[in-house]
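Novice: I have a structure here, written as structure tokens, and I will follow up with some questions on it.
The values are calculated or read from the model by the stated rules, or taken from the named source; none is laboratory data. As the structure is a computational prediction, the values presented were derived from the model and not from experiment. Reconstructed Cβ throughout: ideal geometry from the backbone, glycine too, with neighbour counts over all protein chains shown.
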Amino acid sequence: MSDLAIIENAALVIENGIITFFGKMQDIPSNNYTEIDCSDKVVMPGFVDSHTHLLFAGSREEEFAMRSRGFTYQQIAEQGGGILSTVYKTRAASKRELKKNARRYINKMMQYGTTTVEIKSGYGLSFDDEIKMLEAIKELQKEEIITISSTFLGAHAIPPEYKNSPNQYVNLICDKIIPYVGEHKLAEFCDVFCEKGYFSVSDSEKILSTGISYGLKPKIHAEELTSYGGAILAGKLKAVSADHLENISDEGIESMKANGVVGVLLPGVSFFLNHNYAPARKLIDSGVPVAIATDFNPGSCMSYSMPLMLTIACTQMRMSPEEAITAATINAAAALNLSNEIGSIDIGKKGDVIILDIPNYKFLTYHFGENHIYKVIKNGTYLEF
Ligand SMILES: [Zn+2]
């Protein structure tokens, strides 16, 4: 993760959306290329944000203000805040309204250099509303230039209707929603919020295994609030990624390492909620591939700035700038099963690159709170914002 393979005085050629050359300027194959002068700038792969909940209605700024005044999660929930407030608003919104909101965020995140994003369902929590969310994501995949990976997260929370019979909700997910999602190819991944008071390890295993049988690759929200066992399950199921990991056990780390599970860390959440950070050093030093994502959502991280996440990763999780960049590009691509297509500058990969107006890559994490993007190139096309 520490080796970025920097080339000075470099050139990069993209043809028909695919990288066909990279190397020293003097070695560039002669041809009639449209040229972009990148003197005194940094060219790198576009960011891959491998964990977001960016499809939602409403916002929760009141909750943030209450938290800043010391209110607890429980008190906020009692006053109508928390995830259920987003669920009610998302249920009430049409597919068109949800897409309109999402499009605004997508445009902004591309301006910060994100060229691939994963989007989860999980604010519908009913058959109709979860399908509505996944259909909206599918339409956005076709309509937007950004690459979108789709994840079914029906098991995000227990919906209010099933408060006293959570098992029935697990059955609804396994018997009705997952078969429909799989048959209609509405998602690539299935995810579960594996946590005390949400979905137990055995419920999570049941849901993710059902997903696997319908062609949905497993992901898991694991060990966020307590050390609960989700990371061990991720290894057992050979999940593509286990995300959060703030309270992961040594056994969980072993299980992930042994099974090649990518650890997706979400430093923006710890920062925004003032919670503890995931043990990035321990994970990296143990040989777990680590990615960084925003977890952009209205409750626990209202930011889609990947550069900001990288600086927090360096200052709060003691990752090096090189590790942070690797975590936000090639390792993040691996967290979406896309490392053969994106995440690095390589012959045959997509022409997804960003040009930064900084003298060297170390400025990216060092000069923070500033958008250093000079140009974003997606599939070889230079974007105008
Ligand atoms: Zn999440």
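Novice: Of the numbered conditions (1) of a type outside the set (D, E, K, R); (2) away from the ligand (no atom under 16 Å from the Cβ); (3) buried (at least 24 other Cβ atoms within 10 Å of the Cβ), N259 satisfies every one except a single condition; which is it?
Specialist: (3)
Novice: Which of the helices (runs of 4 or more DSSP H) contained wholly in region 1-114 include at least 2 residues that are away from the ligand (no atom under 16 Å from the Cβ) and within 24 Å of the chain's Cα centre (by Cα)?
Specialist: 61-68, 83-92, 95-111
Novice: A further question on this structure: Return yes or no: is V269 within 15 Å of the ligand (Cβ to nearest atom), in contact with a helix residue (DSSP H, G or I) (Cβ under 9 Å, 6 or more places away or on another chain) and either closer than 17 Å to A335 by Cβ or of a type in the set (D, E, K, R) (or both)? I'd like the intermediate steps shown before the answer.
Specialist: Numbers: within 15 Å of the ligand (Cβ to nearest atom): yes; in contact with a helix residue (DSSP H, G or I) (Cβ under 9 Å, 6 or more places away or on another chain): no; either closer than 17 Å to A335 by Cβ or of a type in the set (D, E, K, R) (or both): yes.
No: the conditions fail for V269.
Novice: In region 166-195, how many are assigned to a helix (DSSP H, G or I), more than 24 Å from A231 (Cα to Cα) and not aromatic (F, W, Y)?
Specialist: Within region 166-195, the first condition is being assigned to a helix (DSSP H, G or I), and the residues that meet it are 166-183.
So of that shortlist, the ones also more than 24 Å from A231 (Cα to Cα) come out as 168, 172, 175-177, 179-183.
Among the residues that remain, those that are also not aromatic (F, W, Y) are: 168, 172, 175-177, 179, 181-183.
Number satisfying all stated conditions: 9.
Novice: Looking at (1) modelled with pLDDT of 95 or more; (2) under 25 Å from A242 (Cα atoms); (3) surrounded by fewer than 21 Cβ atoms within 10 Å (Cβ to Cβ), can you tell me which one F152 breaks?
Specialist: Unmet for F152, out of (1) modelled with pLDDT of 95 or more; (2) under 25 Å from A242 (Cα atoms); (3) surrounded by fewer than 21 Cβ atoms within 10 Å (Cβ to Cβ): (3).
Novice: Restricting attention to region 204-236, which residues are touching a Pro at 6+ places or on another chain (Cβ under 8 Å) and buried (at least 20 other Cβ atoms within 10 Å of the Cβ)?
Specialist: Selection gives L208, G211, A234.
Novice: When you go through (1) surrounded by 23 or more Cβ atoms within 10 Å (Cβ to Cβ); (2) among the hydroxyl-bearing types (S, T, Y); (3) closer than 23 Å to I377 by Cα one by one for Y105, which number turns out not to apply?
Specialist: It is condition (1) that Y105 fails.
Novice: Identify all residues within region 84-101 that are buried (at least 18 other Cβ atoms within 10 Å of the Cβ), more than 17 Å from S300 (Cα to Cα) and of a type outside the set (K, R); write none if there are none.
Specialist: Within region 84-101, A93, L98, N101 meet the criteria.
Novice: In region 182-198, which residues are over 19 Å from L245 (Cβ atoms), touching a Phe, Trp or Tyr at 6+ places or on another chain (Cβ under 8 Å) and away from the ligand (no atom under 16 Å from the Cβ)?
Specialist: Listed by number, the residues that qualify are G182, E183, L186.
Novice: Under 6 Å by Cβ, and 6 or more places apart or on different chains, what pairs join a residue from region 233-252 that is in the same structural domain as S202 (by TED's automatic domain parsing) and among the hydroxyl-bearing types (S, T, Y) with one that is in a loop (DSSP other than H, G, I, E, B) and away from the ligand (no atom under 16 Å from the Cβ)?
Specialist: Between residues of region 233-252 that are in the same structural domain as S202 (by TED's automatic domain parsing) and among the hydroxyl-bearing types (S, T, Y) and residues that are in a loop (DSSP other than H, G, I, E, B) and away from the ligand (no atom under 16 Å from the Cβ), the close pairs are S249/S227.
Results for (1) within 16 Å of the ligand (Cβ to nearest atom); (2) in contact (Cβ under 8 Å) with a residue 60 or more places away in the chain; (3) over 17 Å from I83 (Cβ atoms); (4) in contact with a strand residue (DSSP E or B) (Cβ under 8 Å, 6 or more places away or on another chain), shown as yes or no for each residue.
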{"residue": "E118", "(1), (2), (3), (4)": "yes, yes, yes, yes"}
{"residue": "Y123", "(1), (2), (3), (4)": "yes, yes, no, no"}
{"residue": "E130", "(1), (2), (3), (4)": "yes, no, no, yes"}
{"residue": "K138", "(1), (2), (3), (4)": "no, no, yes, yes"}
{"residue": "I145", "(1), (2), (3), (4)": "no, yes, yes, yes"}
{"residue": "G154", "(1), (2), (3), (4)": "yes, no, no, no"}
{"residue": "K163", "(1), (2), (3), (4)": "no, no, no, no"}
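Novice: If T210 meets every condition in (1) closer than 26 Å to V269 by Cα; (2) away from the ligand (no atom under 16 Å from the Cβ); (3) of a type in the set (S, T, N, Q) apart from one, which number is that one?
Specialist: Of everything listed in (1) closer than 26 Å to V269 by Cα; (2) away from the ligand (no atom under 16 Å from the Cβ); (3) of a type in the set (S, T, N, Q), T210 misses just condition (1).
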